[in-house]
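Nothing in this text is a laboratory measurement; each read-out follows from the coordinates by a stated rule. Computed from a predicted structure; not experimentally measured. No Cβ is skipped: glycine too gets one built from the backbone with ideal geometry, and neighbour counts run over all protein chains shown.
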Amino acid sequence: MNSHYRVVVIGGGVVGASVLYHLAKFGWQDVCLIERSVLTAGSSWHAAGGIHALNADPNMAALQAYTIDLLSEVQAESGQDINLHMTGGLTLAGTPARWEWLQSAYRVFQSIGIEDCELMTPEQAQERCPIMSTDGVLGAMWADREGYIDTTGTVHAYAGAARKRGATVVENNRVLELNQVPEGWQVVTEKGTVTCEHVVNAAGLWAKQVGRMAGIELPVSPLKHHYLISDTIPALEQIDFEVPMTVDLEGFTYLRQDQKGVLLGIYEIDHEHWAMDGAPWDYGMDLFQEQTDRIEKELILGFERYPVLQEVGVKTWVNGAFTFSPDGNPLVGPVPGKRGYWSACAVMAGFLQGGGVGKSLAEWMIHGEPEADVYCMDVARYGKYAENKQYIRETTGQFYSRRFVMTYPNEQLPAGRPLKMAPSHDAMTEAGCKWGVSWDLEVPLYFAPRGFEETPSLKRSNAFDIVGEECRHVRTKVGMVDITGFSRYEVTGKGARAWLDQIMASTLPSAGRARLAPMLAPDGRLKGDLTILNWDDETWWIMGSYYLRAWHMRWFLDHLGEDVQIRDLGEEICGFALTGPRSLKVIEKLTDGDIAGLPFMGCGEFDIGLVRARVARMSVAGELGFEINCRYGDHVKLRRMLLDAGEDQEIREYGFNAMLSLRLEKSFGIWSAEFTQAYTPGMTGMDRWIAWDKGTFVGRDAAIAERDGNGPAQLLVTLEVDAGDADGSGYEPVWANGSRIGFITSGGYGHTIGKSLAMALVDREYAAEGTDLTTHIVGVERAAKVIAASPYDPEGRAMRG
Ligand SMILES: Cc1cc2nc3c(=O)[nH]c(=O)nc-3n(C[C@H](O)[C@H](O)[C@H](O)COP(=O)(O)OP(=O)(O)OC[C@H]3O[C@@H](n4cnc5c(N)ncnc54)[C@H](O)[C@@H]3O)c2cc1C
């Protein structure tokens with residue numbers, strides 16, 4: 001072990017080994033992995049080794065597919081046998097809704113380029129897996145890219161291939177302490193102290209403690225997990241092929257062949273956390289006693305699905321632990337506020353996801369950004385609230401128990417909620433508000449009559465008419481929506497203007513004005529779809545999506561200029577927006593200021609009744625509208641005043657579901673759908689806001705290269721979909737004459753124009769208005785036509801008033 005390395009990776013499980021391999025592969029050889037015990041000595045040695053490309057989250061699915069394709073490469077490169085068995089895999093659907101979901105998921109996988117899947121009847125599935133019963137199975141999906149590997153061999157293959165490329169692996173050496181020093185990190189180990197520029201926490205079951213060594217509380221917890229290996233099954237001795245990796249979603253089990261028996265793994269409904277503060281340091285390559293009482297229900301289902309299990313014994317029980325984040329996705333990337341400290345933990349399925357995690361993290365460290373949009377596993381998708389132990393217990397437990405349970409897009413899950421509530425929360429609940437969650441905050445979805453319960457559905461739900469009514473009301477009268485769920489950052493200081501000018505690609509708004517501002521990464525891809533407000537008092541605001549608060553702040557602070565201060569106002573400022581043709585009549589009543597004189601995209605400070613507020617004339621719905629920002633303490637009062645003042649204008653409250661439908665009618669994109677860090681300004685129309693004549697700004701060269709080159713291969717368009725009783729939601733494929741030419745970024749029903757709408761990224765030659773295309777909505781083929789953007793009020797008369 002040297003006294004200095006560029007990178008020290010802590011942890012020699014599959015994730016640490018993959019990070020090491022990718023760093024070396026991409027050109028950083030001065031890297032060292034330090035392992036407390038021997039390689040694999042955490043969760044990795046006892047994993048079931050199952051691999052399958054499918055995941056309900058398309059971005060995770062793409063990373064899993066990458067990992068699977070990588071495995072044989074790593075085997076060849078290292079010379080280490082990983083016992084790769086690509087048996088193919090089956091996912092079984094046992095309810096009509098699940099079968100519908102599987103058909104829909106099949107199309108989504110096509111969208112993201114996972115083409116080697118096929119839908120099957122129960123009988124066809126049984127031909128591939130003769131030991132399964134078809135009882136209750138309505139259909140199945142087959143995927144070629146599934147199978148299993150030897151877990152210990154795989155970790156050694158990653159590490160061996162990394163070593164061949166010049167990386168160092170040190171075993172039997174616990175990291176005891178981490179100290180941040182000007183040049184990076186001082187890593188105190190049992191065998192001496194090492195300095196490095198970057199340190200990677202890949203400590204798996206011990207990630208919590210290795211986080212705490214640097215003052216970081218990672219939202220991660222270990223949970224226990226069982227599988228059994230059966231004795232030899234005579235039926236398997238009689239067939240000359242291996243049964244596929246089979247996931248029985250309604251049965252909570254997964255199965256793969258293990259020699260002439262099977263391995264049956266269980267996702268435990270009655271879950272059990274273990275060592276929430278991290279595994280004990282003396283925890284070796286240990287297992288827990290099996291707890292068959294706790295998993296009895298799933299075992300019965302498993303033995304019914306595979307009746308041969310009733311005839312043979314159990315050779316081995318494994319009850320081990322592995323780690324989960326609140327949403328089950330890994331925690332990867334630079335930890336906000338800790339320069340040079342990188343997270344590679346909470347990887348629930350390390351053999352499946354470890355390749356993608358290693359690749360993305362290595363790219364991030366070397367190039368400053370990963371190639372793919374990895375927001376779904378970015379450690380900065382959580383804020384401080386997620387450090388709370390109870391929050392971690394509830395959310396990780398919920399994820400684990402629901403791992404194979406179907407979650408509908410309109411379903412509200414209870415764990416960790418309600419947490420943060422806007423001051424008017426209770427009064428709004430009294431008024432019928434139904435709540436969703438964004439990050440830590442309860443956000444209003446819609447207002448329903450007392451006793452109404454929304455039915456979880458993949459299609460339009462029973463809240464359809466309620467939301468429709470809110471939309472129509474906003475377009476014709478006036479609506480009011482709680483905008484606590486927007487993010488606001490205050491930028492001040494002598495260098496504020498210069499910094500904003502540099503970090504934003506747009507022109508800055510003049511005094512008293514607001515402006516849409518794309519923010520770019522140096523490689524020209526999008527980093528934000530923000531709004532800048534110039535309050536004309538040396539104070540600027542940046543506004544954006546609430547759930548990106550920690551993610552945005554990391555970027556801002558990492559790129560902060562001289563003499564600039566930036567503050568997240570998310571715990572101080574909230575507000576309401578008035579939207580609709582009568583909104584001016586309502587707000588006028590409450591102020592002496594010249595609010596009628598506030599131009600479209602104008603902003604200023606006003607007294608709204610008793611409340612001193614910062615008001616901006618803009619609206620996500622594309623209507624005449626005012627966003628009224630107030631202190632948290634004023635929220636209740638502001639709501640009451642607005643409702644009283646608006647009574648004669650028939651004011652009513654509305655929620656984010658209506659807002660999303662209204663913005664779709666205007667073809668206004670949103671982050672995580674139309675805009676992501678994988679897309680460019682040219683693709684998404686964000687280039688409209690770029691100030692090309694500005695001397696410099698982050699991403700300028702790349703943006704100019706896109707503008708002056710051959711143009712983006714895909715363009716964002718608006719589609720009218722000939723939908724039935726369901727609308728697009730995202731990632732559905734778009735077809736032209738049988739060829740896949742794009743995918744839906746988001747969709748929904750345009751209630752005030754009476755059309756099912758979607759936005760989609762399609763190949764440029766299919767982007768012209770009037771082009772006839774097709775898509776699959778909840779698995780059913782539907783006609784779709786490219787229409788002009790902004791089907792509602794294309795000239796923008798309503799919002800300009
Ligand atoms: C029963 C069971 C079945 C599973 N089946 C599958 C499956 O089929 N497919 C799949 O993909 N995944 C499966 N998993 C999950 C898989 O095991 C984990 O996702 C994976 O092992 C996580 O790897 P890791 O590298 O993040 O962590 P770990 O394997 O826990 O590795 C962390 C390493 O860090 C070391 N370390 C910790 N602290 C320090 C320190 N201070 N100094 C030095 N070293 C340190 C530890 O000794 C350990 O070796 C299963 C898990 C269980 C429990």
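Quick check on Thr67: is it crowded, with 20+ Cβ neighbours inside 10 Å, among the hydroxyl-bearing types (Ser, Thr, Tyr) and either away from the ligand (no atom under 14 Å from the Cβ) or under 23 Å from the mean Cα position of the chain (by Cα) (or both)? Here the answer is yes, as Thr67 does meet what is asked. Filtered by the rule that a residue be part of a loop (DSSP other than H, G, I, E, B) and surrounded by fewer than 24 Cβ atoms within 10 Å (Cβ to Cβ), the range 207-241 gives Met213, Ala214, Gly215, Ile216, Glu217, Asp231, Thr232, Ile233, Gln238, Ile239, Asp240, Phe241. Taken over the range 351-401, the criterion of being of a type in the set (Val, Ile, Thr) and either within 20 Å of Pro326 (Cβ to Cβ) or surrounded by 24 or more Cβ atoms within 10 Å (Cβ to Cβ) (or both) is satisfied by Val357, Val374, Val379, Ile392, Thr395, Thr396.
Within the range 39-57, is there a residue that is away from the ligand (no atom under 12 Å from the Cβ), part of a helix (DSSP H, G or I) and buried (at least 20 other Cβ atoms within 10 Å of the Cβ)? Within the range 39-57, none of the residues are away from the ligand (no atom under 12 Å from the Cβ), part of a helix (DSSP H, G or I) and buried (at least 20 other Cβ atoms within 10 Å of the Cβ). Are any residues in the range 570-593 more than 14 Å from Ala613 (Cα to Cα) and either out of contact with any strand residue (DSSP E or B) (no Cβ under 7 Å at 6 or more places or on another chain) or surrounded by fewer than 20 Cβ atoms within 10 Å (Cβ to Cβ) (or both), and if so, which ones? Passing the criteria: Glu571, Pro581, Arg582, Leu584, Lys585, Lys589. Of all residues in the range 603-619, those satisfying the criterion of being buried (at least 18 other Cβ atoms within 10 Å of the Cβ) and either assigned to a strand (DSSP E or B) or among the hydroxyl-bearing types (Ser, Thr, Tyr) (or both) are Cys603, Gly604, Phe606, Ile608, Val611, Ala613, Arg614, Val615, Ala616, Ser619.
Restricting to the range 58-96, what's the tally of residues that are under 21 Å from Asn329 (Cβ atoms), in contact (Cβ under 8 Å) with a residue 60 or more places away in the chain and in a helix (DSSP H, G or I)? Going through the range 58-96 one residue at a time, the tally reaches 13.
For Leu33, the conditions (1) part of a helix (DSSP H, G or I); (2) within 9 Å of the ligand (Cβ to nearest atom) all hold with the exception of (1). When restricted to residues that are in contact (Cβ under 8 Å) with a residue 40 or more places away in the chain and within 13 Å of Ala321 (Cβ to Cβ), the range 284-301 contains 5. Condition (residue is assigned to a strand (DSSP E or B) and either near the ligand (Cβ under 9 Å from one of its atoms) or in contact (Cβ under 8 Å) with a residue 12 or more places away in the chain (or both)) applied to the range 10-19: is it met by at least one residue? For the range 10-19, residues assigned to a strand (DSSP E or B) and either near the ligand (Cβ under 9 Å from one of its atoms) or in contact (Cβ under 8 Å) with a residue 12 or more places away in the chain (or both): present.
If you check Ala577, Ala550 for being closer than 23 Å to Lys477 by Cβ and under 28 Å from the mean Cα position of the chain (by Cα), only one passes: Ala577.
For the residues Gly160, Gly204, the requirement of being surrounded by 15 or more Cβ atoms within 10 Å (Cβ to Cβ) and under 27 Å from Ser325 (Cα atoms) singles out Gly204. Could you grab me the full set of residues in the range 145-161 that are closer than 16 Å to Tyr66 by Cα and in a loop (DSSP other than H, G, I, E, B)? Scanning the range 145-161 gives Arg145, Ile149.
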